[in-house]
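Undergrad: Pasting in a structure now, in structure tokens, and then I'll have a few things to ask.
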Amino acid sequence: MKTTLQLLLALLLCSQLNYGQVISIIGSTSPSASWGIDTDMTTTDNITYTLNNVILTTATDPATTGLKFRQDNDWAINWGSANFPMGTGTLNGANIMTQAGTYDITFNRSNGTYTFIQSAIPQHNIGIWGPAVDSQNGFGGADIDMTTTDNITYTLSGFNFSSGTAYFRENDTTTNVWGSVAFPSGTATLGGPSIQVTGGEWFVTFNRITGAYSFVFSSVGILGTATSVEWAEDIDLTTTDGFEYTLNNLTLTDGVVKFRKDNSWDVNWGATAFPQGTGIQNGPEIPVTAGTYDIIFQKSTGHYLFADSLSTAENAIPSLTIYPNPTSNVWNLSNTNVIDSVEVFDMTGKNIQRFLPNATQFELDGTALSQGVYFVKIKSGSDFAVQKIIRN
């Protein structure tokens, strides 16, 4: 009986030595992307634990995002720290604020030290290839390479496509080629049909794992000390054509702003003029006077206008109509009351035409104007309106 008991105790001790404590990582930026699902690490001595080629995402909020180490898949014992990519975890410490990438992770259960070392994994070069990229050489031409921070999601900004077909492909070879019939977004499959791309400047995203892709207009945002977020992030304008971008009723303080494309300083516009002007690449910060503005920005020309939302409502004359708009020649202006004056301004704010109709109907001849966007200011008695007009 004594011998049997000793054997059982030996087996129990051996089991503890073999299995010890389970150490895992858990959190919103871990592979599970959840605070409820652990990713277990491996060990040979129950002290040093490792996990290799782990894909992590970027932590953004220290209160809710990031990851921690914990023992036996339970919150009773967990380690964290504000430091990344290495540090010393403390019991119930802060969330570890990771940066996106693929890592080899090491954790020491005895002293809490940890390291996140970026893995030496094969790089996957993804490009877009075909007549839409090179209209002269077609599929005999080179790829336009995309960029990535995690080897999974690839992007391309600021490239002007021709109308034509294209594929996504890897390492400039035809071994891995993705395609689909959908545009501007869809899911490409290996060996799928070519994508029929509409010509224009697109911001392109492609996921190498899922095949999901999209072609969208490049974004244009405004940021600076005059905005509520200062230089921390862009406040995006909206567009329907990738040329003209607008944002209504934005409240600004005394300060400065700049426009930039695709949330990056690679392409940005600035100038010294306010409330209208022409931004130039890497130009100076635009000085802003406090107010609430309707903002118009033209990406190809850099022209911008800050119109006071409170004093220049798009239509402060309810009975006023302007049609057709856009037009290739004449705009018809109609109002219940007499139209006293009509003024036309270009995007820089320059007054280029002025008329005194003294009538309820007026034909505004645009044949002498170049194609583009203009503003027309109409006065009728004590009322006035400012509206955007387009000549195509």
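The values are calculated or read from the model by the stated rules, or taken from the named source; none is laboratory data. Note that the structure is a prediction, hence the values are computed from the model and not measured. When we count neighbours, we look across all protein chains shown, and the Cβ atoms used for this are built from the backbone with ideal geometry, even at glycine. Each accessible area value is taken on the protein alone, full model and side chains, heavy atoms only, with ligands, DNA and RNA left out. Shrake-Rupley method; radii C 1.70, N 1.55, O 1.52, S 1.80 Å.
Undergrad: May I ask for the angle, rounded to the nearest 10°, between helix 2-19 and the longest principal axis of the chain, with both axes built from Cα atoms and the value confined to 0 to 90°?
TA: Long axis of 2-19 versus the principal axis of the chain: about 30 degrees.
Undergrad: Subtracting the Cα-Cα distance from 0.36 nm times the residue separation, let me have the gained length for ALA290 to ALA82 in nm, one decimal.
TA: 71.1 nm
Undergrad: On to the next question. For the chain, what is the calculated [θ] at 222 nm in deg cm²/dmol (nearest 500), taking -39500 (n - 2.57) for each run of four or more DSSP H residues and dividing by its residue count?
TA: -1500 deg cm²/dmol
Undergrad: Next up: So, with a 1.4 angstrom probe, what is the percent of accessible area on region 241-392 that is carbon and sulfur?
TA: C and S fraction of accessible area: 50 percent.
Undergrad: Give, as a single signed number, the net charge of other residues whose beta carbon lies under 10 Å from the beta carbon of GLY291, with Lys and Arg counted +1 and Asp and Glu -1.
TA: The answer is -2.
Undergrad: OK, next. Hey, what's the per residue convex hull volume over the C-alpha atoms of region 205-276, in cubic angstrom?
TA: Cα-based convex hull of region 205-276, divided per residue, equals 122 Å³.
Undergrad: Return one whole number: the accessible area per residue of the chain in Å², for a 1.4 Å probe.
TA: Normalised by residue count, the accessible surface of the chain is 50 Å².
Undergrad: Scan the chain and hand back the longest stretch that contains none of the chymotrypsin sites (Phe, Trp or Tyr not before Pro) lying in DSSP loops with at most 13 other Cβ atoms within 10 Å.
TA: That would be 1-230.
Undergrad: So which lysines pass the test for LYS350, namely a Cα distance under 24 Å, with those fewer than 8 places away in the same chain ruled out?
TA: Straight-line reach from LYS350, under 24 Å: LYS258, LYS299, LYS377, LYS379, LYS388.
Undergrad: Continuing with the same structure: Taking 7 Å along the Cα-to-C-beta vector as the label spot, tell me the SER319-ILE280 distance in nanometres, rounded to one decimal.
TA: Between SER319 and ILE280, the label points sit 4.9 nm apart.
Undergrad: Now for a different question. Quick one: what are the phi-derived ³J(HN,Hα) couplings along region 220-237, Karplus 6.51/-1.76/1.60 with θ = phi - 60°, whole Hz, x for glycine and proline?
TA: These are the phi-based 3J(HN,Hα) values: 10, x, 10, 7, x, 5, 7, 9, 5, 9, 6, 9, 6, 7, 8, 9, 6, 8 Hz.
Undergrad: Remind me, what semi-axes does region 113-187 give for its equivalent ellipsoid, largest first in whole Å, using sqrt of 5 times each Cα gyration tensor eigenvalue?
TA: 29, 13, 12
Undergrad: Can you give the FRET efficiency to the nearest 0.05 for ASN392 and THR246, using r as the Cβ-Cβ distance and R₀ = 25 Å?
TA: The pair ASN392/THR246 has a calculated efficiency of 0.90.
Undergrad: Something else now. Where the centre of each part is set by its Cα atoms, how far does region 194-264 sit from region 102-143, in angstrom?
TA: 25 Å
Undergrad: If the convex hull of the alpha-carbon atoms of region 57-107 is projected onto planes in all directions, what is the mean projected area in square nanometres?
TA: 3.6 nm²
Undergrad: Write out the GluC sites (Glu not before Pro) in region 208-246 meeting two conditions: DSSP loop, and at most 15 other Cβ atoms within 10 Å of their Cβ.
TA: In loop regions of region 208-246 (DSSP not H, G, I, E or B), the sparsely surrounded GluC sites (Glu not before Pro) are GLU230, GLU233.
Undergrad: Could you give the dipole magnitude of region 35-78 about its Cα centre, charging the beta-carbon of Lys and Arg +1 and that of Asp and Glu -1, in debye to the nearest 20?
TA: The dipole magnitude comes to about 140 debye.
Undergrad: If you don't mind, there's one more thing I want to ask. Using 0.36 nm times the number of residues separating ASN329 and ARG354, minus their current alpha carbon distance, what extension gain do you get?
TA: 7.3 nm
Undergrad: Taking 7 Å along the Cα-to-C-beta vector as the label spot, tell me the SER382-SER163 distance in nanometres, rounded to one decimal.
TA: Spacing of the two 7 Å Cα→Cβ label points: 5.3 nm.
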